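Rule-based calculations on the coordinates, nothing more; no lab input. All values derive from a computational prediction rather than experimental measurement. Backbone-built Cβ (ideal geometry, glycine too); neighbour counts: all protein chains shown.
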Amino acid sequence: MNARLLLALFAWVLSHCSTPETYYSLSADGAIPSNASGFALGVGPVTLPDYIDRAELVFQSEKHRFEIPFERRWAGSLKESTTRVLGTNLARRLGTGNLYLDPWEPGTDLRYQVRVDIRQFHAVSGGDAILDAQWRIEDGTTHRPLVSGVAHLTEPVIGDGYDAVVAAESRLLTQLADTIAARFPSGR
């Protein structure tokens, strides 16, 4: 067998042995309410640590080690998806369909703005998914802080595989929306 044919055969084998990329997306627990007449709620900015703000899913395999399976990717920006899912969940809990996600147009008349700084958001191999975040509800006009809090949340990964991890991470964003909504100013 000549070298060119052998090289071509080797390249063909490698191209057919690689794992295809799989894409994942976080999901809200329902749709935004249809009443656009509710109060104007702005969600964002939502910040993420650099170690997870990437195209690939990330999980913790040991106390000081993280794994990044390059063929398991987010279907879009994780930051945008996190903001969208959290915003949708909050709007549902607060009964408003008048939702704005960061970045919104300058001059948007918001009643409230929710800012979130996520510090941890990943699954632990053989364990739970975790989310640690600091959040703040502000007056949408003056940006005066009204309520703030810290959330340390866990959610079991039910089943095996990355689908189960993403489902657990989606449920964590539901828990975070519940936590924030429970502390929302009355008289909205």
About the Cα centre of the range 30-188, how large is the charge dipole given +1 on each Lys and Arg Cβ and -1 on each Asp and Glu Cβ? Please answer in debye to the nearest 20. 480 debye
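Report the gain in length on full extension from HIS152 to SER125: 0.36 nm times residue separation, minus Cα-Cα distance, nm rounded to one decimal. Spell out each step's value before the answer.
On the way: separation 27, 0.36 × 27 = 9.72 nm, distance 1.82 nm.
Gain on stretching HIS152 to SER125: 7.9 nm.
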Projected label distance in nm at TYR162 and HIS143, using a 7 Å step from Cα toward the beta-carbon: 3.8 nm
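Please state the charge dipole magnitude for the range 92-149, taken about the Cα centre, from unit charges on C-beta atoms (+1 on K and R, -1 on D and E), reported in debye and rounded to the nearest 20.
Values: 7 positive and 8 negative charges, 35 e Å.
In debye, rounded to 20, the range 92-149 gives about 160.
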Give the distance, in whole Å, between the Cα centre of the range 90-106 and the Cα centre of the range 126-152. 16 Å
Identified option (computed Cα Rg over 2.2 N^0.38 Å; candidates (1) 1.09; (2) 1.01; (3) 1.27): (3)
Calculated from DSSP helices alone, with each H run of at least 4 adding -39500 (n - 2.57) and the total divided by the residues of the chain, [θ]222 nm to the nearest 500 comes to -9500 deg cm²/dmol
Restricting to Cα pairs below 8 Å that are 6+ residues apart, what does the relative contact order work out to for the chain? Please round to a whole percent. 24 percent
Of SER125, PRO103, PRO69, which is farthest towards the positive pole of the range 43-188's charge dipole, taken about the Cα centre with +1 and -1 on the beta-carbons of Lys, Arg and Asp, Glu respectively? PRO103
Those residues of the range 125-141 whose amide nitrogen sits under 15 Å from the label point placed on GLU62, 7 Å along Cα→Cβ: 125-126
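DSSP loop trypsin sites (Lys or Arg not before Pro) in the range 56-130 with at most 16 other Cβ atoms within 10 Å of their Cβ, which ones? Write out the running numbers ahead of the final one.
Working: sites: LYS63, ARG65, ARG72, ARG73, LYS79, ARG84, ARG92, ARG93, ARG111, ARG115, ARG119; in loops: LYS63, ARG111.
Those satisfying the criteria are LYS63, ARG111.
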